[in-house]
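Inspection log for the structure reproduced underneath, given as structure tokens.
The values are calculated or read from the model by the stated rules, or taken from the named source; none is laboratory data. Computed from a predicted model, the values in this text were never measured in an experiment. Cβ: placed from backbone, ideal geometry, glycine included. Neighbour counts: every protein chain shown.
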There are 2 protein chains.
Amino acid sequence: MRKIAESTVRRLSLYLRLLEEFGGQGKETVSSEVLATRAGTTSAQVRKDLSFFGSFGKRGLGYSVPELTVRLRDILGLKRSYQVLVVGAGKIGSALAQYRGFAERGFRVTAVYDADPGKVGLRWNGLVVRDVRQLEQDLARDHMDIAIVSTPPNAAQEVTDRLVRSGIRAILNFAPVQLVLPRDVAVKNVNMALELETLSYALRHR
Amino acid sequence: MRKIAESTVRRLSLYLRLLEEFGGQGKETVSSEVLATRAGTTSAQVRKDLSFFGSFGKRGLGYSVPELTVRLRDILGLKRSYQVLVVGAGKIGSALAQYRGFAERGFRVTAVYDADPGKVGLRWNGLVVRDVRQLEQDLARDHMDIAIVSTPPNAAQEVTDRLVRSGIRAILNFAPVQLVLPRDVAVKNVNMALELETLSYALRHR
């Protein structure tokens, strides 16, 4: 994974969302100041983030909304779609598998797995929950780009090892464990309690 | 909100999790190197993060696991529990309302609201979905610390305004909109598609 801070990637994602909104309103150009205000950062930060990938703006004119939109989609790898599978059909897994926001950004959840025979065969929005024992067989046949791991904590590492052996190189981990992974596998951990802790910190230090 | 980077708070949360794990294994001390390796950062970063809140470590001995655990729980505002309400009983909202990891960290989801008469009255793990029209009345009676907003995008700002007028000062926002808030309200936005974009970025730039 190239060494660019994840916080930068997150801001680029946010700029892209704002540009899409401005584009939808028919705006042709946008200044770094406007982007900064809406993204909750400084215009110097906006210029720095964007200069990292080559110069975009024209002094006094701002950024071209359509050009910067296309460029950010390219930088973020969003010019193509991604096949996504979910392992773990619990409450979080089922919410994610049916989350509309993914498909809108080109992330297509096309398979869901669980180990529980009571869940295998359930149908969600046209997806049938598959037996996790099929994982290797399915991955040998169908190419998948990203795996979402939403298993119980004690199953997460084993499932991850199987995914990696089957060629998966990007994992979104919702299990509250630190996964051990080869260096060429990208992982993003999402921990819901940790999100709340940034708020308890804020309440504590007001 | 005091000006400390959110990335720092996130690392402090992660250190606390690791310290709790070490404490559970009976370890008395831990070095910044061990914390750094497990947290995926450098020992210089660990020392810097912790020095921000006063000196903890003893040169050559490392940090006292029980002392640092107590101190981090205090810094993160986790010495007390928090009352949490959820507005929006869709798939994400229902998963969050029933998420066990919250209660383990002292975040108690005690009320869930929705505008849909088909959902009001549903019972989840002992919680009954309430009519969102009751919001002001309930908040005048019961103190709440944190609100999770998981409504459809077009309802999020209005619900947020009502929450803020009723005294809520911390919001975890799952709706894919940028909320407009007074400066004294802490907000944390969670965007699932954005998490996937940090992975598509990684896949694109391998």
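What to note about this one:
- Of all residues in the stretch B:82-111, those satisfying the criterion of being in a strand (DSSP E or B), of a type outside the set (Val, Ile, Thr) and at the interface with chain A (Cβ under 8 Å from one of its Cβ atoms) are B:82, B:107.
- Filter pass, residue A:103 being free of Cβ contacts under 8 Å to residues at least 24 places away in the same chain, surrounded by 17 or more Cβ atoms within 10 Å (Cβ to Cβ) and not assigned by TED's automatic domain parsing to the domain that holds residue A:33: no
- Selection status of residue B:9, under 23 Å from the mean Cα position of the chain (by Cα) and either under 23 Å from residue A:5 (Cα atoms) or more than 8 Å from every other protein chain (Cβ to nearest Cβ) (or both): yes
- Meets criteria (within 25 Å of residue B:171 (Cβ to Cβ), in contact with a Ser or Thr (Cβ under 8 Å, 6 or more places away or on another chain), surrounded by 19 or more Cβ atoms within 10 Å (Cβ to Cβ) and in the same structural domain as residue B:162 (by TED's automatic domain parsing)) for residue B:96: yes
- Looking across the stretch A:112-151, not a single residue is exposed (fewer than 11 other Cβ atoms within 10 Å of the Cβ) and β-branched (Val, Ile, Thr).
- Residues satisfying the stated conditions in the stretch B:112-127, i.e. of a type in the set (A, V, I, L, M) and either at pLDDT 95 or above or in a helix (DSSP H, G or I) (or both): B:112, B:115, B:120
- Taking the criterion of being in contact (Cβ under 8 Å) with a residue 24 or more places away in the chain and either within 11 Å of another protein chain (Cβ to nearest Cβ) or over 21 Å from residue B:200 (Cα atoms) (or both), the residues of the stretch A:128-139 that qualify are A:129, A:132, A:135, A:136, A:138.
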